[in-house]
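Here the structure is laid out as structure tokens; the discussion comes afterwards.
No value in this document is a laboratory result; all are computed from the given coordinates. No experiment lies behind these values; they were computed from the predicted model shown. Every residue, glycine among them, receives a Cβ derived from its backbone with ideal geometry; neighbour counts consider all protein chains shown.
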Amino acid sequence: MPIDILAVMKHAADTVIMPRWRSLSDDQVEEKNPGDLVTVADRESEQVITAELRSAHPKAMILGEEAYAADPGILEDFQRAEHAFTVDPIDGTSNFVHGSRDFAVMVAELRAGDVVRSWIWQPAHGVAYEAEAGAGATRNGAVLPRRELDPDTATWRGATARRGLLARDHVPLAQLREAAWCCGVDYPHVATGDLDYLVYSKVWPWDHAPGSLLVREIGGRSIRKDGSSYSPAAPIGRWLLAGADASAPTALSYLEADLTEEN
């Protein structure tokens with residue numbers, strides 16, 4: 001039976017995420033790896049969303065960020081799946097822990113490795129983004145127009161969380177600004193015109209599947225360092241550029257030399 005996936009995400013946010021926002025105790029926050037935080041709200045939110053997806057789509061493979069942390073082997077099942085979902089229960093967990101509004105709940109649906117629908121819910125901002133392959137994208141139900149950029153690349157606004165890139169010049173591109181440390185905020189900034197392109201070094205499916213479709217539906221692209229189109233079902237590797245219009249491949253031509261292991 002079909003379910004309203006955005007409604008499920010909002011329910012998870014209302015019941016297990018927002019009651020903990022700015023109210024977390026020390027024992028409700030852990031480090032999965034140095035600097036990589038997880039909270040009780042991440043785990044409970046993923047459980048709520050995954051249970052609803054599994055009930056509605058019992059044959060689909062569901063790749064949750066916290067499920068992967070517990071069993072990395074499920075990534076291979078996801079990459080082979082004919083029908084799959086990604087779940088990021090709280091994207092931007094560090095922001096959430098530190099009281100920032102810049103966090104999101106994200107889900108994407110894939111068929112044969114291609115993202116066909118995606119949802120991004122920013123509960124502290126009260127804003128929802130939805131995208132469907134070939135049918136466009138919306139912000140709180142209002143259709144987002146396709147974006148066309150100024151041919152002058154010096155006017156483009158790019159962002160990254162990689163400090164090694166922030167410190168460098170990439171003329172004729174303007175200097176990169178610091179990203180929001182939350183894909184569920186960064187990709188919507190591209191969709192609405194606050195940013196023109198993004199540069200990421202970590203490329204996990206749950207982080208990028210939702211936003212990659214959002215960007216595609218406003219006329220942009222998400223690409224890898226070799227210039228190929230990004231697919232969440234492809235093997236994990238470093239570096240992804242995503243942007244409106246033709247910004248990603250053009251920016252890559254000026255940034256490629258600095259997309260190294262060191263940065």
Shape descriptors of the stretch 153-258 over alpha-carbon atoms, Rg and Dmax in angstrom, are 12.1, 34
Taking the square root of 5λ for each eigenvalue of the C-alpha gyration tensor of the chain, the equivalent ellipsoid has semi-axes, largest first and in whole angstrom, of 28, 21, 18
If one compares the long axis through the Cα atoms of helix 183-192 with the longest principal axis of the Cα atoms of the chain, the angle in degrees, nearest 10, works out at 50 degrees
Computed over the chain: longest principal axis from alpha-carbon atoms vs helix 205-216 long axis, angle to nearest 10 degrees, is 50 degrees
Measuring from its Cα centre, the stretch 108-214 shows a charge dipole (+1 at each Lys and Arg Cβ, -1 at each Asp and Glu Cβ) which, in debye to the nearest 20, is 220 debye
Quick note, the stretch 86-163: a/c under 1.5 would make it rounded; otherwise a/b > b/c is prolate and the rest oblate (a ≥ b ≥ c, C-alpha gyration tensor); here it is oblate
Taking Cα atoms, the helix 40-56 axis meets the longest principal axis of the chain at an angle in degrees (rounded to 10) of 80 degrees
Taking only Cα atoms of the stretch 37-90, the Rg to Rh ratio with Kirkwood Rh works out at 0.96
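Rounded if a/c is under 1.5, else prolate if a/b is larger than b/c, else oblate: which is the stretch 5-143, with a ≥ b ≥ c the root eigenvalues of its Cα gyration tensor? Walk me through the intermediate numbers first.
Working: a/c = 1.97, a/b = 1.23, b/c = 1.60.
Oblate.
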Spelling it out for MET61: with amide H atoms placed in the peptide plane at 1.01 Å from N, the residues 5 or more places away or on another chain with amide H under 5 Å from its amide H are HIS83, ALA84, PHE85
Between ALA56 and VAL143, the FRET efficiency computed from the C-beta separation at R0 = 22 Å comes out, to the nearest 0.05, as 0.25
For the stretch 134-147, in residue order, the Karplus 3J(HN,Hα) values (coefficients 6.51, -1.76, 1.60; θ = phi - 60°; whole Hz; Gly and Pro = x) are x, 10, x, 9, 9, 10, 6, x, 8, 5, 8, x, 5, 9
Across the chain, qualifying lysine pairs (alpha carbons under 26 Å, at least 8 places apart or different chains) come out at 4
Restricting to Cα pairs under 8 Å and 6 or more apart, the percent relative contact order of the chain works out to 15 percent
